[in-house]
1. Out of (1) within 13 Å of chain A (Cβ to nearest Cβ); (2) open to solvent by less than 10 Å² (accessible area, probe 1.4 Å); (3) under 13 Å from the mean Cα position of the chain (by Cα), the odd one out for C:Leu32 is which?
2. Those residues that are buried (at least 23 other Cβ atoms within 10 Å of the Cβ) and more than 7 Å from every other protein chain (Cβ to nearest Cβ), I need them from the stretch C:98-108; list them, please.
3. Looking only at the stretch B:109-138, count every residue that is under 30 Å from B:Thr69 (Cα atoms), among the hydrophobic types (A, V, I, L, M, F, W, C) and open to solvent by 20 Å² or more (accessible area, probe 1.4 Å) and tell me the total.
4. Of the residues A:Val110, A:Val104, which is in contact (Cβ under 8 Å) with a residue 40 or more places away in the chain, β-branched (Val, Ile, Thr) and over 27 Å from B:Ile91 (Cα atoms)?
5. With the requirement that a residue be free of Cβ contacts under 8 Å to residues at least 12 places away in the same chain and open to solvent by less than 10 Å² (accessible area, probe 1.4 Å), what does the stretch B:40-54 give you?
6. Could we say that A:Thr78 is within 9 Å of chain B (Cβ to nearest Cβ), touching a helix residue (DSSP H, G or I) at 6+ places or on another chain (Cβ under 8 Å) and of a type in the set (Val, Ile, Thr) here?
7. Report whether or not B:Leu77 is under 13 Å from the mean Cα position of the chain (by Cα) and open to solvent by less than 30 Å² (accessible area, probe 1.4 Å).
8. Answer yes or no as to whether A:Ile91 is open to solvent by less than 10 Å² (accessible area, probe 1.4 Å), more than 17 Å from A:Ile7 (Cβ to Cβ) and in contact with a helix residue (DSSP H, G or I) (Cβ under 7 Å, 6 or more places away or on another chain).
Amino acid sequence: MQTRFSISTHGQGLYEFTRDVTRWVAGQGDGLLTLFVRHTSCSLLIQENADPEVQSDLRAYFARLVPPTTDPSMAYLTHTYEGPDDMPAHIKAAMMPVSLSIPVSAGRPVLGTWQGIYLFEHRDARHTRTVAAHFLAD
Amino acid sequence: MQTRFSISTHGQGLYEFTRDVTRWVAGQGDGLLTLFVRHTSCSLLIQENADPEVQSDLRAYFARLVPPTTDPSMAYLTHTYEGPDDMPAHIKAAMMPVSLSIPVSAGRPVLGTWQGIYLFEHRDARHTRTVAAHFLAD
Amino acid sequence: MQTRFSISTHGQGLYEFTRDVTRWVAGQGDGLLTLFVRHTSCSLLIQENADPEVQSDLRAYFARLVPPTTDPSMAYLTHTYEGPDDMPAHIKAAMMPVSLSIPVSAGRPVLGTWQGIYLFEHRDARHTRTVAAHFLAD
């Protein structure tokens, strides 16, 4: 079976949607869950959902590793007409997952204790992001 | 069903093979498509296929993030006998996807409007790269 | 079918478990193999298994790209109470795969000649890591 999750974002950062996913596969038995984000300027991420500082630190690190194209260190980049956050968004989207595959056991994704499922938004403006989901029963 | 795509490369950069993939699953109904690259010095990438500058900028960014081992900043690396582009190629292959999973709906991968499927070649010399493809119907 | 692989680690670096995986799918015919690591401070990696220097170089590169939080360049990070290697571990876990999908043909994962399957441990202390595995026959 397939569905799509819609995630509203308002600036760069991590947006958790673990609950949407676990609800969707609840009662499905064993199988394989696939998530695929239909955009080239945001990512999917499995990360710690205990301390929110992990999420802000992740955002802070990648903002420094891939600064806006207005930063002098990024002056060699040419795809700049969609804004200073656009090409860095594509670069981060190359570095972090566009798809995730998670086994499902007795209707539950086999996530570890501290693992949450996130959309990592790399753009500054508001967006509505679509994640395609697929479940195949064993 | 399974197949293999063969992609000829002539130096570092992105090589699109979206059409090969969409042709292969055309008419297959719903299911799950998996791509897996059988090498450790190139990557698979989903990226924007509208403006070709995105592709050259991606190449330029990663060439600076992971410079050749002849660069003084990389002098601590030891695996250098296969050429100055070899160990950086392994590092980039660790950072970017070796496998991609894409749901298929009515014989079409559910790619977003601007998403293309690429092989990202990290070596300078010519290569013939093999991508294993797998499709499982729902 | 599903199983779990247990991998004992003693500090940062790559731990190969290709043989555990190939043994598990041996005799299973064609299908799709999925590996998923149930932690947020280590990664899964497909890398060269010929020259062990590739593995130590990978570790050395990522240790420099994402230094411990005791390094002055990382002073902006706030999630530090679990040790100087903890937040860098989360960052590396965002950059490298949490799941891998590998087609299986005649009971063999279609790995390339030089490809091995590794757990990349990002923490200094000893850990026992769990990798969930899933195989779906065609």
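The values are calculated or read from the model by the stated rules, or taken from the named source; none is laboratory data. Keep in mind that this is a model prediction, so the values were computed, not measured. Cβ sites come from the backbone with ideal geometry, for glycine too, and all protein chains shown count toward neighbours. Ligands, DNA and RNA are excluded from the accessible area calculation, which covers all protein heavy atoms including side chains. Shrake-Rupley method; radii C 1.70, N 1.55, O 1.52, S 1.80 Å.
1. Only one criterion in (1) within 13 Å of chain A (Cβ to nearest Cβ); (2) open to solvent by less than 10 Å² (accessible area, probe 1.4 Å); (3) under 13 Å from the mean Cα position of the chain (by Cα) is unmet by C:Leu32, namely (3).
2. Answer for the stretch C:98-108, where residues must be buried (at least 23 other Cβ atoms within 10 Å of the Cβ) and more than 7 Å from every other protein chain (Cβ to nearest Cβ): just C:Val104.
3. The number of residues fulfilling the criteria is 1.
4. The match here is A:Val104.
5. If the condition is that a residue be free of Cβ contacts under 8 Å to residues at least 12 places away in the same chain and open to solvent by less than 10 Å² (accessible area, probe 1.4 Å), then B:Val54 is the only one that fits.
6. On the way: within 9 Å of chain B (Cβ to nearest Cβ): yes; touching a helix residue (DSSP H, G or I) at 6+ places or on another chain (Cβ under 8 Å): yes; of a type in the set (Val, Ile, Thr): yes.
Here the answer is yes, as A:Thr78 does meet what is asked.
7. The answer is no for B:Leu77.
8. Yes: the conditions hold for A:Ile91.
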